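A short reminder: the numbers here are calculations on the coordinates, not readings from a lab. Here the structure is a predicted model, which means the values were calculated and not measured. Glycine also receives a Cβ, built like all others from the backbone with ideal geometry; neighbour counts cover every protein chain displayed.
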């Protein structure tokens, strides 16, 4: 989950503000999909 925290911090720095709850939820969703795809690729 360290990567997720890094992604959040990076995104907030780029935007110059804290993420809203809906934005955080979307970022978590994207991160989860990324992790699933990564795991699938490793298992092939």
- Message: Between helix 2-15 and the chain, what is the angle of the helix's C-alpha long axis to the longest principal axis, kept within 0 to 90° and rounded to the nearest 10?
- Response: 40
- Item | Distance in nm between pseudo-label sites at residue 28 and residue 12 (7 Å out along the Cβ direction from Cα) | 1.5
- Query: In what sequence do 18, 2 fall when counting other Cβ within 10 Å, fewest first?
  - Reply: 2, 18
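List the equivalent ellipsoid semi-axes of the chain in whole Å, largest first, each obtained as the square root of 5λ for an eigenvalue λ of the Cα gyration tensor.
Numbers: eigenvalues 116, 22, 9 Å².
Equivalent-ellipsoid dimensions as semi-axes: 24, 11, 7 Å.
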